[in-house]
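The values are calculated or read from the model by the stated rules, or taken from the named source; none is laboratory data. This is a predicted model, so every value here is computed, not measured. Virtual Cβ from ideal backbone geometry, glycine too; neighbours counted across all protein chains shown.
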Amino acid sequence: MLKKPPQIATSLISWVLPLKDRDYLLGDYEETFQKKLEEKNALSASLWYWAQLMNTAPEYLWESFYWRMVLLKNYLTIAVRNIRRHKGYSFISIASLALGLACCFLISGLIIYELSYDNFHENSANIYRVNRDVFERGRQYYVSMTPYQLMQGFLDKYQEITYATREKTIGASFVSNKKKSFYVRRIKIVDNAFFQMFNFPFIKGDKKTALIEPYSIVITREMAEKFFSGEDPLGKQLTMNNENDLLVTGVIENIPHNSSFQFDMAVSFNPPFDYPRPDNWASVSLTTYVQLNPEASVDEFTKKIRDFIQIRMDKNIEKQVRLFLEPFKKIRLSQYAESPRQTLYIYSLCAFVILWIGCINFINLSTARSSGRAKEIGIRKVVGAFRRNVASQFLGESLLVSFISLFAALALAGLLLPVFAHLVDMDTAGFTFFSLMKPGVILIMIGVTVFTGFAAGSYPAVRLSGYKPVKIFKGHLKRDSRGFVLRKILVVAQFSFSIILIIGTLVIFNQLKFLKTQEVGYNKEQIVTIHLREGSEKFYPQFKNQLHMDSRILGVSGLSTQLPFFGWRTPDNDWEGKDPDDYSDICFSNIDYDFLETLEIELVEGRPFSRDFSTDTKGFIVNETLANLMGSPSVIGRRLMINEQTGPVIGVMKDFIFNRPDLEEVQPLAFMLGPDKVSFVIIKIQEGEIASTLDFIERKWKQTIPMFPFIYSFLDSDFDRSFRATERLGNLSTTSTSISIFIACLGLLGLAAYTAQLRTKEIGIRKVLGASASKIVLMLSREFIKWVIIANVIAWPVAFFVMSRWLRNFAYRTSIDLWIFVLSALLALVLAVLTVSFQAFKAGMANPVDSFKYE
Amino acid sequence: MTFERNILKMIPITFNLQRKWRRSIMKYLTRQEELVLLSAFRLKDNAYLISIQGHLNRFTGKEWSISSVYIPLSRLEKKGYLKTTIGAVTEKRGGKAIKYYHMTKKGLKALAEIEAINETMWTGVKGLVKKLESS
């Protein structure tokens, strides 16, 4: 058996050897190797083999590359010369591609960032949220709120569950230790298993036992530094709302930005937080998460839990509730989340459109200009270039320029990142340039760059390289001043995309305006709301009395839930003559006297709660939706049961919007009287007296409730804030639209300039023969205007389809009016005409003598 | 008009010139190519890369690497001075075939020309080696 030369060296050698003689040369090497082997030992033979590799590789490579290098140098020189000679065109094509790539890079970064949410939880594949299906008037939707006892019930009954936790966010609370006190905005109440299910790394303390004991609290590092500045927080005490003393049992890392759970402190679920009526299966206001065994079948488990609540509830509200599991990973992008999937689609659309418009500019300008290089091709072919040499030269040149754009794009993206992050309302901390450098994105960018380079280079490479040199020199090759069909199609596509974006932006803003100005059914102006934190509710009557003394305060009332987000709803409801198949949830809230008057909610029938009737404490005021649900003839006086309170309906109010103002239609709503349950105070202030009245309110607050800081907000701005996601989308689409229109016009400018340049002599002759400047402007612009009009015709139906799909997400929506289309068409047309006629005007005004001297 | 006529007169002259160049100007070979070609000629039917290399090593007293033999060989082949045949596969060569080089007429002509040039160039300057050694 013969010994073989080193394998690695062989494959390395065979890589550099010329293809033609590779096998023979390998044989030659091996033969010499065998000879060395006979003469000396194996080691020196191998060494010789390696030395050969080192010695010969450069020689072979040089041999094969030398001549190519000579040509390449020439190609490079020509390419650089071309870029420099036509600075304007080069700038337009490079800048538009770079801008397109940069926007695409940023937006895809945003999309990836959105998709990266909650990815850091190791067990997220096995974690589910327990949701309730609610049936209502033939419509079915789901709610993620579940009863208090559900978790324990699940844990007792099902083996499949590894961990389960309840989770509830309580509003900002006033937290203090002996030295310092702060308002802590984001506090969660969770069960001990929470930190075992979700990965929030502990710096101090044990995640397995941190929240087992009642009155335990886990805080983030930021909070630990804030409260204990350097001391060891473990075992220290924190007081919440001046009532509850909590023991710090753990410190976790600050919550990552791309986590859906955002909190500063997590408190154990056991005391101190009393839950209203924990034994009631119908009362729901917290979220339950379960982690299943990896082996457990989700489908079967879902079947098992389906009726879990139903069989435990009162008989008269049977069949109303079905449970199902929603995978934790999907929650973020679900329909009711802050950034539903559709938003991401619109983001992608923007990125795609801008990128395409940039690419088209690049392709159009390069192909248009390449016809001016026919003579160069002719000379090259005469001197001996093959067709493929010319083709690869042009492809290479266009790839070179497109890669210049890619680098410009990366630099541009780095510069624009802070602006962009601000625009889309992103945390700049979690959204840095390097976090965007995902291999996928980079690969796509390189792919697009290569594609654009190829597409732009392919026209000269394929078409022009095919012409016979003789034809080129004799001038048979028609200079395509009119452009070929592809270019027209591309420009039309460019403008169609731009118009779609304009229409989209207009619709989004129209919708936003509609949402903000829509008739909510109550007067939200001049209303101050104050959240009474836990522990401060008992001061409400006293505070209210104090406020009543001032004449600038037109009304004081309160309710137990927040406006405009009502959190409380219950399937535990009944009335005389209720359809047994009706499974509606009813929203409810306790209100103080004067509530309807303060918010100017109109009554259709009956009367508001009044101190004159002692029976009103058991009464209800319902909205029209609930009244319709209860049926005819009149609901006044009929008995209603909600959450075990039974009483007569004393009034029917007009429907007003109290839930998420954009996504949900008006739900059935009932108000009960409960001045003692108020946790949101609403104060109506006289117009023009806001600042001084606020001072007054603050003074009174400090007198009555000094241990809590005074924090207020205005109802109308709270209301507007609920459209943040839509506003963000609006901002992004406006910017995208402006950029895409800008790039498209830039491209048009380039093309128009080029056309005018090609027709310089023609224009000169026309002018000599008596054409006026305006005629020439018209002549040059006509073609482009035709394109824009065609683009409009294409864009309208597409935009209409896309935007009506988007509008369907909203419960209250505007229509897509004709004026939007007309306006966007006008906008596109005016911009195009301005761009083109700028060039055409220049050409039209030029002195004919100059144009004859041209060339 | 005289200018154009002169140009027309020049056309046959250029054609003649071209033809003349083609006939007489044999491309000069590099020294390496010359040595390799000569070795291939001397080895007759056994001229392949390794044997040429051995031959060159012996006569020049220098180590020729495989690539330094191969590159002139492949250029000579491209220019048409050598033609090739493919030989047998042997185990000694790791299962790879062997490529033999043979002289073409053009190659022989080139060698002859080199010989002629060399002879004329070297007339009268013989004994250079001895002179160097003695001094």
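Assess whether residue A:245 counts as being under 29 Å from residue A:537 (Cβ atoms) and surrounded by fewer than 20 Cβ atoms within 10 Å (Cβ to Cβ). When the stated conditions are applied, residue A:245 passes them. Kindly indicate whether any position in the stretch B:101-112 is within 11 Å of chain A (Cβ to nearest Cβ) and either in a strand (DSSP E or B) or modelled with pLDDT under 85 (or both). Within the stretch B:101-112, one or more residues are within 11 Å of chain A (Cβ to nearest Cβ) and either in a strand (DSSP E or B) or modelled with pLDDT under 85 (or both).
Restricting the stretch A:37-46 to residues that are loosely packed, with under 14 Cβ neighbours inside 10 Å and in a helix (DSSP H, G or I), the residue that is farthest from the other protein chains (Cβ to nearest Cβ) is A:43.
Cβ-Cβ contacts under 6 Å between residues 6 or more apart (or on different chains), taken from a first residue in the stretch A:758-786 that is hydroxyl-bearing (Ser, Thr, Tyr) to a second residue that is modelled with pLDDT of 80 or more, are listed as A:781/A:836. Looking at residue A:640, is it hydrophobic (A, V, I, L, M, F, W, C) and closer than 27 Å to residue A:529 by Cβ? Here the answer is no, as residue A:640 does not meet what is asked.
Quick one: is residue A:410 among the aliphatic types (A, V, I, L, M), assigned by TED's automatic domain parsing to the domain that holds residue A:471, in a helix (DSSP H, G or I) and closer than 30 Å to residue A:257 by Cα? Yes: the conditions hold for residue A:410. Would you check if residue A:365 is in contact with a helix residue (DSSP H, G or I) (Cβ under 8 Å, 6 or more places away or on another chain), outside any helix (DSSP H, G or I) and at pLDDT 80 or above? Criteria not met by residue A:365.
When the criteria are applied in full, residue B:5 fails the requirement of being at pLDDT 85 or above, out of contact with any helix residue (DSSP H, G or I) (no Cβ under 8 Å at 6 or more places or on another chain) and surrounded by fewer than 10 Cβ atoms within 10 Å (Cβ to Cβ).
Restricting to the stretch A:123-140, count the residues that are crowded, with 16+ Cβ neighbours inside 10 Å and modelled with pLDDT under 80. Qualifying residue count, the stretch A:123-140: 3.
Scan the stretch B:50-78 residue by residue and report those that are more than 16 Å from the chain's Cα centre (by Cα), closer than 18 Å to residue A:32 by Cα and polar (S, T, N, Q). The answer is B:51, B:57, B:65, B:67. Counting only residues that are at pLDDT 85 or above and in contact with a Gly (Cβ under 6 Å, 6 or more places away or on another chain), the stretch A:207-233 holds 1 of them. If I ask for residues that are more than 7 Å from chain B (Cβ to nearest Cβ), more than 57 Å from the chain's Cα centre (by Cα) and crowded, with 17+ Cβ neighbours inside 10 Å, which ones from the stretch A:5-36 would you list? If the condition is that a residue be more than 7 Å from chain B (Cβ to nearest Cβ), more than 57 Å from the chain's Cα centre (by Cα) and crowded, with 17+ Cβ neighbours inside 10 Å, then A:5, A:33, A:36 are the ones that fit. Note on the stretch B:113-125: among residues that are aliphatic (A, V, I, L, M) and in a helix (DSSP H, G or I), the one that is nearest to the chain's Cα centre (by Cα) is B:114. When each of A:106, A:97 is tested for being closer than 30 Å to residue A:391 by Cα and away from every other protein chain (no Cβ under 14 Å), the lone residue that passes is A:97. When the residues of the stretch B:44-78 are filtered to those that are closer than 16 Å to residue B:104 by Cα, of a type in the set (D, E, K, R) and surrounded by fewer than 16 Cβ atoms within 10 Å (Cβ to Cβ), the one that is farthest from the other protein chains (Cβ to nearest Cβ) is B:44. A single member of A:472, A:499 is part of a helix (DSSP H, G or I) and at pLDDT 85 or above, and it is A:499. Does the stretch A:706-716 include one or more residues that are closer than 29 Å to residue A:619 by Cα, surrounded by 14 or more Cβ atoms within 10 Å (Cβ to Cβ) and not assigned by TED's automatic domain parsing to the domain that holds residue A:601? Yes, the conditions are met somewhere in the stretch A:706-716. On the stretch given as the stretch B:49-87, residues that are among the aromatic types (Phe, Trp, Tyr), farther than 22 Å from residue A:49 by Cβ and part of a loop (DSSP other than H, G, I, E, B) total 1. Looking across the stretch A:592-624, the residues that are in contact (Cβ under 8 Å) with a residue 24 or more places away in the chain and of a type in the set (D, E, K, R) come down to A:592, A:594, A:597, A:600, A:602, A:605, A:607, A:616, A:618, A:624. Within the stretch B:79-98, being more than 10 Å from every other protein chain (Cβ to nearest Cβ) and under 17 Å from the mean Cα position of the chain (by Cα) holds for B:79, B:80, B:81, B:82, B:83.
One residue is enough: does the stretch A:138-155 have a residue meeting the conditions farther than 21 Å from residue A:288 by Cα, among the small types (Gly, Ala, Ser) and assigned to a strand (DSSP E or B)? For the stretch A:138-155, residues farther than 21 Å from residue A:288 by Cα, among the small types (Gly, Ala, Ser) and assigned to a strand (DSSP E or B): absent.
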